[in-house]
1. Is there any pair with a first residue in region 310-323 that is free of Cβ contacts under 8 Å to residues at least 12 places away in the same chain and a second that is among the aliphatic types (A, V, I, L, M) whose Cβ atoms are under 9 Å apart and which are 6 or more apart or on different chains, and what are they?
2. So if I check each of 260, 279, which one is buried (at least 20 other Cβ atoms within 10 Å of the Cβ) and in contact with a Lys or Arg (Cβ under 7 Å, 6 or more places away or on another chain)?
3. Starting from region 395-424, keep only residues that are not assigned by TED's automatic domain parsing to the domain that holds residue 385, then list their pairs with residues that are among the small types (Gly, Ala, Ser) whose Cβ atoms are within a distance under 6 Å, requiring at least 6 positions of separation or different chains.
4. Sort out which residues of region 405-431 are closer than 16 Å to residue 337 by Cα, assigned to a loop (DSSP other than H, G, I, E, B) and either among the β-branched types (Val, Ile, Thr) or out of contact with any strand residue (DSSP E or B) (no Cβ under 8 Å at 6 or more places or on another chain) (or both), and write them in order of number.
5. Here is a list: 257, 225, 234, 300. Which entry is in contact with a strand residue (DSSP E or B) (Cβ under 6 Å, 6 or more places away or on another chain), assigned by TED's automatic domain parsing to the domain that holds residue 211 and either free of Cβ contacts under 8 Å to residues at least 40 places away in the same chain or basic (Lys, Arg) (or both)?
6. Give 386, 381 a once-over and let me know the one that is in contact with a Gly (Cβ under 7 Å, 6 or more places away or on another chain), in contact (Cβ under 8 Å) with a residue 40 or more places away in the chain, β-branched (Val, Ile, Thr) and within 14 Å of residue 338 (Cβ to Cβ).
7. Quick check on residue 296: is it part of a strand (DSSP E or B) and over 11 Å from the mean Cα position of the chain (by Cα)?
8. Which numbered condition in (1) under 22 Å from the mean Cα position of the chain (by Cα); (2) not in a loop (DSSP other than H, G, I, E, B) is the only one that residue 158 fails?
Amino acid sequence: MSRKMPLLEATWRCTGSLSLWLVFLVGCKGAVFDPLDAAPSPQASAEPAPLANVSATATNLRSDAGPPPEPLRSDRPLATDVPREAARESGSKDAPRDPRELSGYVLHAVLRTGEGAPPPKGPEVNLSAIESARRKTEAHITIEASQTRARYVLSGGFVLPSGTELRARNDRYGHLVFWPGESSYRIAEPGALRALLGERRLDVAPLSPASVIASGEGARRLNIRTRRVEISTRAARAAIELASFREAGEGGVLICRMLLDLMNAPPSTAACSGDEVPLHAELRWTTQGALAFDVASIARRADLGVQDVATPPPSTSFELRPLPVPPGETMVAKADLSAFRSAPLDISPSSAPDAQLKPPDAGLLLVNSSDQLRVAWVDGVAVAWVSPGGQELLSSLVRGRYALQWRTFLGDAWEAPRMIPVPGASDVGGP
């Protein structure tokens with residue numbers, strides 16, 4: 001035994017040295033060594049972690065792998081923006097582009113907050129005129145999205161004036177607000193869109209952590225396959241359906257940020273990826289009600305104007321003053337309101353639920369004693385909005401009985417609908 005031990009020890013040492021030399025050689029060459037008949041690695045059958053478990057603090061991947069976006073501040077202007085086309089691959093056969101134009105997509109979308117209370121039944125009720133007014137007061141958004149910029153133009157039934165613009169860029173969190181008729185812009189910091197769209201203010205609401213869950217394939221939208229993502233915050237639960245579009249870049253990510261801002265989610269929430277565009281979103285508020293975002297059409301454009309999406313463009317100045325908020329505004333033309341009834345109907349004024357208010361000689365007086373801007377829905381149509389402490393008279397409503405409901409613009413709070421006589425008056429938030 002004593003003679004065999006030195007030989008065995010020498011064999012171990014030789015074998016160990018040879019093994020170390022082989023490991024060193026393989027490591028230097030970068031080769032992969034799979035021993036025969038070895039058990040499979042536990043990671044061999046592992047699947048990539050789905051987007052379902054992405055945390056709310058994870059940032060959207062940026063195409064240029066640059067620094068994360070910076071939040072805008074409402075007290076600081078931005079330097080003039082000059083958007084550029086994304087760098088083209090070397091050897092591309094595409095013709096050189098006009099530096100004044102960008103490629104991207106144009107979308108037409110609608111915001112809806114559900115159906116209003118239907119009108120009463122009667123031969124004098126003009127249902128076709130009511131439906132026509134309802135279509136005219138839908139809230140429409142025209143979106144021009146390049147690979148790094150987005151421009152939103154509002155029209156229809158918003159409490160903001162028609163032609164109001166929002167602009168966003170991929171290297172900043174927040175939005176620029178352009179008021180119609182002004183050559184200046186204001187800044188809506190992250191968390192300000194709910195107050196802007198709902199109350200014409202730029203108050204910033206606190207952001208809350210968001211959870212993101214990928215829930216498989218969504219419905220076909222515009223004959224395009226989508227994938228569905230669910231997001232939850234303290235303010236709302238949202239289901240967003242996303243579709244991939246060639247060279248959309250981060251234009252769709254900017255639209256996702258707008259939807260996230262409405263539900264007070266951090267703008268860095270990884271809800272959608274590059275080249276993905278949201279075609280449908282439904283936000284269900286934790287208070288009550290819901291808000292739906294629907295894209296009615298989308299088209300690829302190779303001639304988006306650089307100045308149209310610049311954030312901000314040249315020749316615009318920074319504005320610090322708050323947004324103007326008048327006492328109220330009628331959203332339906334007088335001729336359309338008077339067409340709600342084909343003939344007058346005599347109603348006793350004593351049956352008015354707000355009899356403590358002195359009714360006008362004609363029409364419906366709307367009074368807002370609450371602390372929120374409210375929208376008055378008549379016969380299922382958003383006909384006017386009234387600021388806190390304000391009044392608005394719908395003088396062209398024909399004498400008769402109507403269904404009235406008070407709501408917030410975003411549909412996250414409302415009063416129970418009720419029948420009201422005209423001439424009459426209604427005070428939301430009053431005694």
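The values are calculated or read from the model by the stated rules, or taken from the named source; none is laboratory data. Quick caveat, the model's predicted, so the values are computed rather than measured. For neighbour counting, all protein chains shown are included, and Cβ atoms are generated from backbone atoms with ideal geometry for every residue, glycine included.
1. Correct list of pairs: empty, since none qualify.
2. 279
3. none
4. none
5. 300
6. From the options 386, 381, the qualifying one is 381.
7. yes
8. Evaluating residue 158 over (1) under 22 Å from the mean Cα position of the chain (by Cα); (2) not in a loop (DSSP other than H, G, I, E, B) leaves (2) as the failure.
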